[in-house]
1. Check the stretch 211-231 and report whether any residue there is in a helix (DSSP H, G or I), open to solvent by 10 Å² or more (accessible area, probe 1.4 Å) and among the acidic types (Asp, Glu).
2. If you scan the stretch 318-376, which residues turn out to be among the charged types (D, E, K, R) and surrounded by 24 or more Cβ atoms within 10 Å (Cβ to Cβ)?
3. Within the stretch 273-287, does at least one residue satisfy the condition of being over 24 Å from residue 151 (Cβ atoms), out of contact with any Lys or Arg (no Cβ under 8 Å at 6 or more places or on another chain) and of a type in the set (Ser, Thr, Tyr)?
4. Could you tell me whether residue 545 is more than 26 Å from residue 249 (Cβ to Cβ) and touching a residue at least 60 places away in the same chain (Cβ under 8 Å)?
5. For a quick check of your reading: which helices (runs of 4 or more DSSP H) sit entirely within the stretch 37-104 and have at least 1 residues that are under 20 Å from residue 275 (Cα atoms) and modelled with pLDDT under 75?
6. Can residue 163 be described as open to solvent by 10 Å² or more (accessible area, probe 1.4 Å), at pLDDT 80 or above and of a type in the set (A, V, I, L, M, F, W, C)?
7. Select, from 599, 615, the only residue that is surrounded by fewer than 12 Cβ atoms within 10 Å (Cβ to Cβ), part of a helix (DSSP H, G or I) and at pLDDT below 50.
8. When only residues in the stretch 457-472 that are under 27 Å from residue 75 (Cβ atoms) and not in a loop (DSSP other than H, G, I, E, B) count, which is modelled with the highest pLDDT?
Amino acid sequence: MASRSFYLADYIIFAITIVLSVGIGLYHAFVGGKQKTTSEFHLGNRRMAIIPVAISLLVSFESSIMMLGTPAETYVFGIQNIMGNFGWFAANLLSIKIMVPLIHPLKITSAYEYLELRFNSHAVRILGTILGMLNYALYMGVVLFGPAIALEAVMGFPQFASIIIVAIAAVIYTSLGGIKAVIWTDVFQSFVMLAGIMAILIKGTLVSGGVKSTWTIANENGRLNFFVWDTDITRRHTFWNLFFGSMIRGTGLIFNQSSVQRICSTPTLKDARKVMMFVSPAFLITIAMASFEGIVAYSYYHTLGCDPIKSKQITNPNQIVPYMVMDIFNGLPGMPGLFMASLFSASLSTLSSGLSSLSALFWQDLVKPHTKPMSELKGTIISKVAVIVFGIIAVCVALLVSVIGGTLTQITGTILSAIGGPLTGLFLLGCFCPWANAKGAFIGTISGIILITWITTGQYISPNVRKAVPLPSAPIDKCYVPFTNITSLYNASTQMSTSAYEYHSTVFTTESPIVDKIPSGIDYFYSIAYPWFGVIGIFTVLIVGSIFSFLTGYTKPEESNPMYLISIVDELFFFLPESVKNVMKLGYNYKKPEMYGTKETIYDKTVYVDNELDKQLSKNDEETNNQMNNENSALLNVLEENEHHTKLQKKSVNKVDCDSKNGRLPLLSEDSTHQGQIVVNESKT
């Protein structure tokens, strides 16, 4: 059983995936603008097509967590986790309706530019940036860890070497080709991932006795537990914490840096909405397919009569799918290699997106606002070096994650909630609470982080928290191979300490059954199920942030800017009379400038002009280019003071002035402190 190594064909398929991924990066490094400007490196000059962007955003969230963690979750605890994906789907639909129209017109590069615009505070922006970068670094570490445990399970390949291979490949094509390379590599990798998943589902179902037999076995052994209506907040998974918890947390997914980069890389708001309309159902379908892999795996080993976890052939549930692949494709050269290629593709796509996002944040939020103006070439070089540095950080995090137990979905949900929940709450406080000020936002976010960190720490150190009870395992009565003769390729994985899995809801032992005992006192508080962590963090920020805003001088209606706000009253209570809605709005104005609501806005026209000017300016040196990217009012002042400007500068100023005869023009400066503001034109050339 799974006692052979890869065939030559497996290695060839695996190598082709890595080589093509790097090759796409090299291609984009030497074509087009050759990634010499930060706009092209981070946003593809905001001219990316809908389908590639949509596929890239889709696979950015389909990492090894989906390929390994989701099937493992279903194998051990049942398919109930899929309810959380329906919650994410609902959140995505809400985002299309109310979040994308807020983000896209701002034309921002960093998601956290919004925070400075909304709260008029650079400190809040930096807080959000640091938390976002830390959150993404942790996420990438979990993603890198996935292929490592898979290769260790099927080939005895050292985890460290596997982590290094994935990281190096992602760093090379991301640093060379920028966002264009990331997006087009994601497109290629998506087909590899889909092929790997489909091969497992089809072959696994056939060897399990067909579709009816597969699902009958799963149903008879409790794996089809779609709906668990328990209202106890310490129950690991219920319909309530999965569906509603995911829906609440998912409202902040649109503010993820990867999402913002791809949304803002499209030329129009209509295109941005189309991207999300494609991503939402596609994400639900692919996650469902991964869950079905867990059903197929359980039915297969139940039919075989030898559960590999209970029989101790593997000790990590995340290894169940690669272990099964080596079984069902034994004698079919190339198929195990296809699975490993799909797994690495999933990790590469997520890792490259993370590296691209972190590089953009580092440049836009930490370097550019705090340094003297520099050439676009220097800025691009700094961004590329940042990719390398963050790749090294991701490797270090992956090595730390390797000592934590549980399924990858569990690890992700627990580790990232302490940061991701409060960070989402910070964005929601900004767009849904017009009275919130910078002090309230800062204090509310810190409060959320402290509270969730306290809960998660208590779960790890308290011996009396509620433990999750796995479903009954498959039988082992037909495991004829003595344990002492189990192939050595699993020795490395079995050396991991069993105690690493013995904490709150990740306990998985076969020697003695786990008693489901509900704790009391402080241990009940520590036993709160991990899907609630993000929700608690969000509402802590909203409540504490609002309270401190009122205590420190809340933002009055006449001081608020509707461009950065979303009206829950108009979006969710549209059926109410206008008089009632006006009362519920508490005097705040949510109506955005009319020019942002038309099909072809002045903003879009000006952006087009700005792009055309960029083409002309590319013929000049970087110093002139940087000067021409200053705000419109500054250009007009310079023109009045200096009659000896270059002919190109005069043309560009005349063009801007021509467009500004309407009297009001959106400022197109790359300086994030002015993004989206309206400047009144009072000068004439």
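1. Taking the stretch 211-231 as the starting set, the residues that turn out to be in a helix (DSSP H, G or I) are 211-220.
Cutting the leftovers down to open to solvent by 10 Å² or more (accessible area, probe 1.4 Å) gives us 211-213, 215-217, 219-220.
In the following step, the residues that additionally are among the acidic types (Asp, Glu) were identified as 220.
Yes, some residue in the stretch 211-231 is in a helix (DSSP H, G or I), open to solvent by 10 Å² or more (accessible area, probe 1.4 Å) and among the acidic types (Asp, Glu).
2. Within the stretch 318-376, the subset among the charged types (D, E, K, R) is 327, 365, 368, 372, 376.
Passing the criteria: only 365.
3. Let us first name the residues in the stretch 273-287 that are over 24 Å from residue 151 (Cβ atoms), namely 273-285.
Adding the requirement that they be out of contact with any Lys or Arg (no Cβ under 8 Å at 6 or more places or on another chain) leaves 273-274, 276-285.
Keeping just the survivors that are of a type in the set (Ser, Thr, Tyr) gives 280.
Checked against the condition, which is being over 24 Å from residue 151 (Cβ atoms), out of contact with any Lys or Arg (no Cβ under 8 Å at 6 or more places or on another chain) and of a type in the set (Ser, Thr, Tyr), the stretch 273-287 yields at least one hit.
4. Numbers: more than 26 Å from residue 249 (Cβ to Cβ): no; touching a residue at least 60 places away in the same chain (Cβ under 8 Å): yes.
No; evaluated as a whole, the condition is false for this residue.
5. Values: elements: 38-43, 50-60, 70-77, 82-94, 100-103.
It comes to 38-43, 50-60.
6. Details: open to solvent by 10 Å² or more (accessible area, probe 1.4 Å): no; at pLDDT 80 or above: yes; of a type in the set (A, V, I, L, M, F, W, C): yes.
Answer is no for this residue.
7. Values: 599 fails: part of a helix (DSSP H, G or I).
Unique residue meeting the criteria: 615.
8. Looking at the filtered set, the residue picked out is 459.
The values are calculated or read from the model by the stated rules, or taken from the named source; none is laboratory data. Bear in mind that the values here come from a model prediction, so they are computed numbers and not experimental data. In this analysis, Cβ positions are derived from the backbone assuming ideal geometry, glycine residues included, and neighbour counts consider all displayed protein chains. Surface areas here come from the heavy atoms of the whole protein model, side chains and all, with no ligands, DNA or RNA. Shrake-Rupley method; radii C 1.70, N 1.55, O 1.52, S 1.80 Å.
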